[in-house]
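Peer 1: Dropping a structure here in structure tokens format, bear with me for questions.
The values are calculated or read from the model by the stated rules, or taken from the named source; none is laboratory data. The model shown is predicted, which means the values in this text are computed figures rather than measured ones. Note that we place each Cβ from the backbone using ideal geometry, even for glycine, and neighbour counts take in every protein chain shown. To get the accessible areas, we keep the full protein, side chains included, count just its heavy atoms, and leave off ligands, DNA and RNA. Shrake-Rupley method; radii C 1.70, N 1.55, O 1.52, S 1.80 Å.
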Amino acid sequence: MNLYLRYFDRETLVPTVDDAIAFLGSIEEIGMNPVLEADIREYAASDVFYPKRYKVRPRVYFIIIKTEAATMQDFKDKKAVHPAIATSGSKASAPALVRLNEERPGWYEGMIDFKRVLLIPGTGKFQYRDTQFIANVKAESGMDCYNRIVDYLRERVDERSQFPSAKGKNFKFRYLGLAK
């Protein structure tokens with residue numbers, strides 16, 4: 001496991017934590033200290049693969065990224081990217097956007113969580129309330145299912161209600177088949 005470090009235009013790919021600390025220590029602005037050194041060692045020893053950034057001063061950071069890349073060129077070419085853990089079945093592991101736009105005519109079950117505007121009877125004021133709506137829809141794709149559900153709801157709820165993006169976590173769908 002190598003570490004990629006970058007501070008503005010200074011960057012390096014090092015094989016050990018000690019090399020990373022030496023690189024950061026050579027940059028006067030960073031101000032290497034025992035607390036920062038211990039945190040970097042802890043990050044390098046952990047199972048975490050997401051990049052970590054450290055604040056130097058307001059709006060100025062340096063980053064550290066764990067990588068399997070052997071050389072800087074391999075890192076830049078993204079040859080050592082960690083593969084996503086695949087779940088069972090290729091359809092389930094496909095990215096949501098690909099499944100959303102996949103043309104597959106038939107019946108879909110769509111579930112949308114949206115903010116519905118409702119009148120509070122006692123006060124006469126309005127409030128947003130989280131509402132879940134589930135429907136079986138005949139559609140051409142997941143996106144078409146989303147559009148049909150939103151069009152249906154827009155005709156029946158207050159116009160100030162807020163609908164989520166089809167790409168977000170508040171819309172889910174599953175393909176039911178050609179016949180219901």
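Peer 1: State which residue is least open to solvent (accessible area, probe 1.4 Å) when the search covers only region 154-180 and only residues that are among the basic types (Lys, Arg) and over 22 Å from the mean Cα position of the chain (by Cα).
Peer 2: Out of the qualifying residues, it is Arg160.
Peer 1: May I pose another question? Considering every residue within region 113-132, establish whether at least one is in contact with a strand residue (DSSP E or B) (Cβ under 7 Å, 6 or more places away or on another chain), in a strand (DSSP E or B), closer than 18 Å to Leu176 by Cβ and at pLDDT 90 or above.
Peer 2: No, region 113-132 contains no residue that is in contact with a strand residue (DSSP E or B) (Cβ under 7 Å, 6 or more places away or on another chain), in a strand (DSSP E or B), closer than 18 Å to Leu176 by Cβ and at pLDDT 90 or above.
Peer 1: So, one more: Lys66: open to solvent by 100 Å² or more (accessible area, probe 1.4 Å) and at pLDDT 85 or above, yes or no?
Peer 2: Answer is no for this residue.
Peer 1: Kindly evaluate Met143 against the criterion of being in contact with a helix residue (DSSP H, G or I) (Cβ under 7 Å, 6 or more places away or on another chain) and among the aliphatic types (A, V, I, L, M).
Peer 2: Here the answer is yes, as Met143 does meet what is asked.
Peer 1: When you scan region 6-36, how many residues do you find that are outside any loop (DSSP other than H, G, I, E, B) and open to solvent by 60 Å² or more (accessible area, probe 1.4 Å)?
Peer 2: 10
Peer 1: Would you pick out the residues in region 133-153 that are over 21 Å from the mean Cα position of the chain (by Cα), part of a helix (DSSP H, G or I) and among the hydrophobic types (A, V, I, L, M, F, W, C)?
Peer 2: Within region 133-153, Cys145, Ile149, Val150, Leu153 meet the criteria.
Peer 1: Cβ-Cβ distance below 6 Å, separation of 6 or more or different chains: which pairs start in region 121-132 with a residue that is in contact (Cβ under 8 Å) with a residue 12 or more places away in the chain and end on one that is open to solvent by 90 Å² or more (accessible area, probe 1.4 Å)?
Peer 2: Phe126/Leu119
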